[in-house]
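Following: one structure in structure tokens, then a few remarks.
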Amino acid sequence: MVERLAGSKPFDLVVIGGGATGLGVAVDAAARGLSVALFEADDFAKGTSSRATKLLHGGVRYLAQGNIALVREALHERGTVLRNAPHLARPLAFVMPLYGARGAWIDRWFYGAGLKAYDWLAAREGLADTEHLDRARTVAALPGVRRDRLVGGIRYWDGQFDDARLALALARTAEDLGTVVLNRCRVTGLLRQATGNRRVAGVVVDELERGRRLEVGARCVVNATGVWVDAVRRLDDPTSRALVSPSQGIHLVVDSDFLPGDQALLIPRTGDGRVLFAVPWLGKVVLGTTDTPRDDLALEPRALDEEIAFVLDESARYLDRAPRLMDVRSIWGGLRPLVRHGDEVVAVTKALSREHTVLVSPSGLVTVTGGKWTTYRAMAEDVLEICMTRAGLPVRPAGRTQHLPLHGAGQRAAGATDPDPLSQGNPTVDRPYGTDAAAVEALPGAGRWLAPGLSEAMVRFAVRHEFARQVEDVLARRNRLLFLDARAAADAAPAVAAVMADELGPAFAAAASTRAFIALAHQYLPPAAAATATTGGPPAMSAALETGAPATDGIVST
């Protein structure tokens, strides 16, 4: 793909940013027959797009705010994702427990009526009807729920997905459609027309792996870099005011025995007005999330002590077995790109809009930010409409992605769906890979497990077909082990690096990539556990941190 850039004609569209929004724009444009190149400075979904709560949802809170149009659109798009990526997404039941006789009666009426309206807005995209549950059915649905004063519950349906794998499916779909899709290619400047109004006419790209600088022409450039859009906007105009106000959300991951079963727990209003989820995901339970204003734009945002305490304290109020810090397998956070309203500085980020914003600068640079994973496809259509009407892109009809199965979905998207692509059972190859499963199984090492749910063949497939260039790419996003169990991921790193070295050859710095990943994995551990791992914890982890080499053969039996 890098070679395709050398001496190429200007593309119709260059997209900066390989998260949900940028990848969605690239797929939409390529599906319309436009020539497209996309550049990601790090790895696809490295930022916010791999750190979501893994939910496809219409936004119950927006319904309470009266934003009917946004909820209706999101519910429609929820259905589109479930159809177009059945190997990566599934319906998920949420149960809201009700406590105390008087409070439960009020909540049952208030939330029950709202969720019935939610069902009505979904119309043909509805997944199942909202139900009122008695105490026994609530306990059966949520075996780990706290039962003191529990009187019943309300069950409704939304969707769940694997965010990083969906981003990868978008990248591979764009590739299938002829797009140049490159990670580890940082846009460091903008090209201008030599004469006239000096409109943006392309980008300057540093290809980080081989140290090359490339100039890539384009009729239109889209800035889709999430919370980092202001940095690109300043390449265009150094006087640009900040568009984004970042907000941090964190998640804690614990073992599934804290909430057995396959239904999620939802608390719509915690003590400070936030929403709390306990969601089964890939054999673990994800607890979260928070909404904390941030002034910095860290690529790896660290959870604050008070955020961790908040999630643990609130979880203890609703789970029969209260999770402690020592029970946490992984802690991860992401920055939401919330859009500022004019010059207003909003202290409470819950008040900011999560709808997306599309701006066109005087030079023609198109910037998109805000929004959420569920509506990535609709956001892409809006961006392309702006590119065609205001930024000089050739006019092509919309709607090409409405029924476009994403890579790996095959013909299943048109009819039957995977019965449980995110089940809590033993990992299966076809769950994340869909129609690519046979190709994975055909590679060397298909039966050689490097960690639970990760075979040698999967690592080889990630390198050959999924753009993986570093150990982190495999263990954080091609496989989700870092987000599920940071210690297990660190222990698996040397074995993963050895396979990658066999695939990539001498140019791959296996020891350095291993050390970098293990240092990163320490940031995902609870504070006390991270300190132990660094100062004499488990031998495999400590040895690998010091040398980048495995302390054993790196094989973990399932």
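Rolling a 1.4 Å sphere over the protein heavy atoms, what is the accessible area per residue of the chain, to the nearest Å²?
Ligands and nucleic acids excluded, the figure is 39 Å² per residue.
How much length is gained if the chain between Ala528 and Arg149 is pulled fully straight, taking 0.36 nm per residue apart and subtracting their Cα-Cα distance, in nm to one decimal?
Details: separation 379, 0.36 × 379 = 136.44 nm, distance 3.44 nm.
Full-extension gain reported as 133.0 nm.
I'd like the distance separating the alpha-carbon centroids of segment 193-272 and segment 97-170, in whole Å.
When both Cα centres are located, 32 Å separates them.
Relative contact order of the chain, please, whole-number percent, based on alpha carbon pairs below 8 angstrom and at least 6 residues apart.
Relative contact order for the chain comes out at 17 percent.
Give, in nm to one decimal, the length gained when the segment between Arg124 and Leu208 is fully stretched (0.36 nm per residue of separation minus the Cα-Cα distance). Working shown, then result.
Numbers: separation 84, 0.36 × 84 = 30.24 nm, distance 4.69 nm.
My answer for the length gained is 25.5 nm.
In segment 283-318, which trypsin sites (Lys or Arg not before Pro) fall in coil by DSSP and have 16 or fewer other Cβ atoms within 10 Å?
Arg302
Given (i) 19, 51, 29, 2; (ii) 21, 56, 22, 1; (iii) 18, 44, 32, 6, 0 as candidate values of P(r) over Cα pairs in 20 Å bins from 0, in percent, which corresponds to the one derived from the coordinates?
(ii)
How much of the accessible area of the chain, in percent, comes from carbon and sulfur atoms when a 1.4 Å probe is used?
For the chain, the apolar C and S fraction of the accessible surface comes to 53 percent.
If the cut-off is 25 Å between C-alpha atoms, which lysines fall inside it for Lys46, apart from same-chain ones fewer than 8 positions away?
List returned: Lys54, Lys284, Lys350, Lys372.
The values are calculated or read from the model by the stated rules, or taken from the named source; none is laboratory data. Remember, predicted model here, so these are calculated numbers, not experimental data. No Cβ is skipped: glycine too gets one built from the backbone with ideal geometry, and neighbour counts run over all protein chains shown. Accessible surface areas use protein heavy atoms only, side chains included; no ligands, DNA or RNA. Shrake-Rupley method; radii C 1.70, N 1.55, O 1.52, S 1.80 Å.
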